[in-house]
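The values are calculated or read from the model by the stated rules, or taken from the named source; none is laboratory data. Keep in mind that what you see is a predicted model, and the values were worked out from it rather than measured. For neighbour counting, all protein chains shown are included, and Cβ atoms are generated from backbone atoms with ideal geometry for every residue, glycine included.
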Amino acid sequence: STVQEAIDLTVLAFDLAEKYRTLTFVVADGAIGQMMEPAELPPMRELQERPSWALTGAKDRQRNMVSSLYMGAGNLEVLNIQLQAKLAQIEANEVRYDETDVEDAELIVVAFGTAARVAQTAVKKLRQEGVPIGLFRPVTLWPFPEKRLAELSQKAKGLLVVEMNAGQMLNDVRMIAGNQIPIDFLGRLGGFIPMPDEIEARVRNFYNQLIAADDAKLMEVADGLVRN
């Protein structure tokens, strides 16, 4: 959600692509791409010994073949099993996320990129007003931080997903949280960025709904006790 992070994650993307021999994507939005703010480039690293898979010209060695397709079903199945194992390894080791004030939060904003940066401003202001709110920011959209978000979903009363699209992350959040918790969504399209006051207003409205729902449940319990 910052220029510095965009630089650092781009370096990391190349490192992970080489480590796992797979494609990586840096999902930076237009606002981050055009933003100007202080940042430091990491120091240049010396090139290590060339890996065995590098295509350097087949002199004095066997020819390197990089392929993901085998015509024989048996060989192709073996390859796909190997690829599934690699994906499982990535999911186990490369989940990244950031969180702010989530431990005691009754309502948690889930956002990434510029939307998360703006949401952080809104969360800080609402916290100062006494609203028990926090921010959960996935740094990796795949592997998605499912386990941590599932844990938070069991403690919070509601989740507000904020995105600069029509809800590309929303379904991930819904699948993880299931029916355990109410989920609201605020999305802006066409390059518009959700502003802090928009997020604050949506949070207040959603939080009031959650409080009203809790009060209604308490009234139902009280009525039941009186009848008994």
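When we screen Pro51, Pro38 for residues that are modelled with pLDDT of 90 or more, more than 24 Å from Pro138 (Cβ to Cβ) and not aliphatic (A, V, I, L, M), the only hit is Pro38. Thr56 falls short on exactly one of the conditions (1) surrounded by fewer than 13 Cβ atoms within 10 Å (Cβ to Cβ); (2) on the phi > 0 side of the Ramachandran plot, and that condition is (2). Say whether the condition of being within 24 Å of Ala119 (Cα to Cα), in a loop (DSSP other than H, G, I, E, B), of a type outside the set (A, V, I, L, M, F, W, C) and not assigned by TED's automatic domain parsing to the domain that holds Glu151 is met by at least one residue in segment 50-65. No, segment 50-65 has no match at all. Counting only residues that are touching a Phe, Trp or Tyr at 6+ places or on another chain (Cβ under 9 Å) and in contact (Cβ under 8 Å) with a residue 24 or more places away in the chain, how many does segment 155-172 have? Going through segment 155-172 one residue at a time, the tally reaches 10.
A quick yes/no check of all residues on (1) within 17 Å of the chain's Cα centre (by Cα); (2) outside the structural domain of Arg204 (by TED's automatic domain parsing); (3) outside any helix (DSSP H, G or I); (4) modelled with pLDDT of 95 or more:
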residue: Thr121; (1), (2), (3), (4): no, no, no, yes
residue: Lys124; (1), (2), (3), (4): no, no, no, yes
residue: Thr140; (1), (2), (3), (4): yes, no, yes, yes
residue: Leu152; (1), (2), (3), (4): yes, no, no, yes
residue: Asn179; (1), (2), (3), (4): no, no, yes, no
residue: Asp184; (1), (2), (3), (4): yes, no, yes, yes
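When you look at Phe14, is it among the aromatic types (Phe, Trp, Tyr), touching a Ser or Thr at 6+ places or on another chain (Cβ under 9 Å) and either over 19 Å from Ile193 (Cα atoms) or not assigned by TED's automatic domain parsing to the domain that holds Asn165 (or both), yes or no? It is true that Phe14 is among the aromatic types (Phe, Trp, Tyr), touching a Ser or Thr at 6+ places or on another chain (Cβ under 9 Å) and either over 19 Å from Ile193 (Cα atoms) or not assigned by TED's automatic domain parsing to the domain that holds Asn165 (or both). For segment 21-41, the set of residues classified as part of a loop (DSSP other than H, G, I, E, B) and surrounded by fewer than 10 Cβ atoms within 10 Å (Cβ to Cβ) consists of Leu23, Phe25, Met36, Glu37, Pro38, Glu40, Leu41, listed by residue number. Looking only at segment 87-118, residues that are more than 23 Å from Val26 (Cβ to Cβ) and of a type in the set (Asp, Glu) come to 4 in all.
Residues in segment 180-196 that are exposed (fewer than 13 other Cβ atoms within 10 Å of the Cβ) and either in contact with a Gly (Cβ under 9 Å, 6 or more places away or on another chain) or free of Cβ contacts under 8 Å to residues at least 24 places away in the same chain (or both) were compared, and the one that is nearest to Phe136 (Cα to Cα) is Gly191. When you go through (1) part of a loop (DSSP other than H, G, I, E, B); (2) over 13 Å from Val110 (Cβ atoms) one by one for Gln168, which number turns out not to apply? So Gln168 meets the others, but not (2).
Applying a threshold of 6 Å to beta carbon distances and a minimum spacing of six or more residues, or different chains, the list of pairs starting in segment 28-46 at a residue that is outside the structural domain of Thr140 (by TED's automatic domain parsing) and ending at one that is basic (Lys, Arg) and exposed (fewer than 10 other Cβ atoms within 10 Å of the Cβ) is empty.
Of the candidates Ala88, Ala111, Ala115, the single residue that is outside the structural domain of Asp184 (by TED's automatic domain parsing) and small (Gly, Ala, Ser) is Ala88.
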